[in-house]
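Shown next, in structure tokens, is the structure this report addresses.
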Amino acid sequence: MGLVKFATTIFTVITLLGSLAPSQIEATFKCSTTNATCHSLVDYKNPKGTTLRYIQTLFNVKHLQDILGANNLPTNTIGNYSVGPNEAIKVPFPCKCNNGTGLSNHVPVYTIKAGDGLYDIATTTFAGLVTFPQIQEVNNVTDANKITAGDKLWIPLPCSCDEVGGESVVHYGHIVESGNSVEGIANKYGTTQQLLLSLNGISDPKSLQAGQVLDVPLKACSSNVRNDSLDFPLLVANATYIYTANNCVKCKCDSSNNSILQCEPSSQFKPTKWSICPSTQCSSNLFIGNITSMDSCNSTACDYAGYTSKNISTVLANHSTCAAVAPSGSEPGSGASSSSTLQVWVWSKLFILIHFILFSVYLF
């Protein structure tokens, strides 16, 4: 009889701990420009470890090189490249803004498997990037407990296409780790604490929580891509690269080059919609990426200017090559760690568990 009592008590404790678990934070990114589209990034972490190919399939990323570029991995990296447990991989995806917020543009689409529940899909499969009510709402699921294996669900990832401080940026959904602070994140990604607080609607930096998806604006390199190009706006974040113009052009962003987008013709991958790549010339002997002249602080180069269904555009452009003054960082001492909040929660639950067990033993 005592054993039955003990087992019942343990079950009660487990249920209690589950009910007291911190609620999943819904990430909502501001996006004021209706129907604006752009490319965004979001972190993905698998607690058991995985491969790049699995991530590509899960998030419906068309080309593996898009993930490689977003993480600045070598272009010869293969799909079964191992990703360690809880290692963050930046996933690129298309964003569309509407009603003041941004969501992934009807991707990824997830096929429900036998035994799946909306909560597990949100928290486990997609690692807490969305909440199950968000999935339920955008897919018009009337009963969250009644979903059918084989049916498809749109997973609405948070994103934005807004300019920040009058500049075009790549909005990055960064997963906050235990021990992170707003100030530390701002310093790491070249922004300010105040801007992060404002952008994410956070009044107190100490309220930052591990697992929260934070909108971090990444500086994008300037370019001469025309607004009628099929890849406009071509936003490439610092320390990343991208293949565009149907894989015929590779562009990279490097802050050490005054944040000017550097593009060059590429034959690394087979063109996706052309049998051969169109010309990438500015003149008879001048191709995208070539420099015609340079003095102490200026250069003239053949720049990538976009593409259409038939051709690739180029333009001769002047660039300043002198180093710019680096922006000042955030004010010191203004960050707050989220680790203390997490530790308090864990210890408080352990305290409850220990007292329940001791009480049960006493009843024997």
ask   = For residue 76 and residue 255 in the same chain, what is the full-extension length gain: residue separation times 0.36 nm, less their Cα-Cα distance, in nm?
value = 62.1 nm
request  = Taking amide H positions as placed in the peptide plane 1.01 Å from N, state which residues far from residue 87 in sequence (5 or more) or on other chains have amide H under 5 Å from it.
outcome  = 46
ask   = Can you pull the percent of Cα pairs in segment 240-320 with separation above 17 Å?
value = 46
remark   = The alpha-carbon center of segment 272-299 and that of segment 197-259 are separated, in whole Å, by 24
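What is the extension gain from residue 273 to residue 230, computed as 0.36 nm multiplied by their sequence separation minus the C-alpha to C-alpha distance, in nm to one decimal?
Stretched out fully, the residue 273 to residue 230 stretch lengthens by 14.2 nm.
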key: Whichever lysines have a C-alpha closer than 19 Å to that of residue 310, once near sequence neighbours (fewer than 8 apart) are set aside   = 250, 270, 273
ask   = By a straight-distance test (C-alpha under 25 Å), which lysines pair with residue 188 as possible cross-link partners, with residues fewer than eight away in the same chain excluded?
value = 30, 45, 90, 206, 219, 252
query = Points 7 angstrom from Cα along the Cβ direction at residue 311 and residue 163: gap in nanometres?
reply = 3.0
key: For peptides 285-292, 78-85, sequence by mean Cβ density within 10 Å, most packed first   = 285-292, 78-85
key: Rough spin-label spacing in nm, given labels placed 7 Å along Cα→Cβ, for residue 32 and residue 318   = 3.3
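Each reported figure results from applying straightforward, stated rules to the coordinates on display, with no laboratory input. This structure is a prediction, so every number in the text was calculated from the model and none was measured. Every residue, glycine as well, gets a Cβ built from its backbone with ideal geometry; the counts of neighbours run over all protein chains shown.
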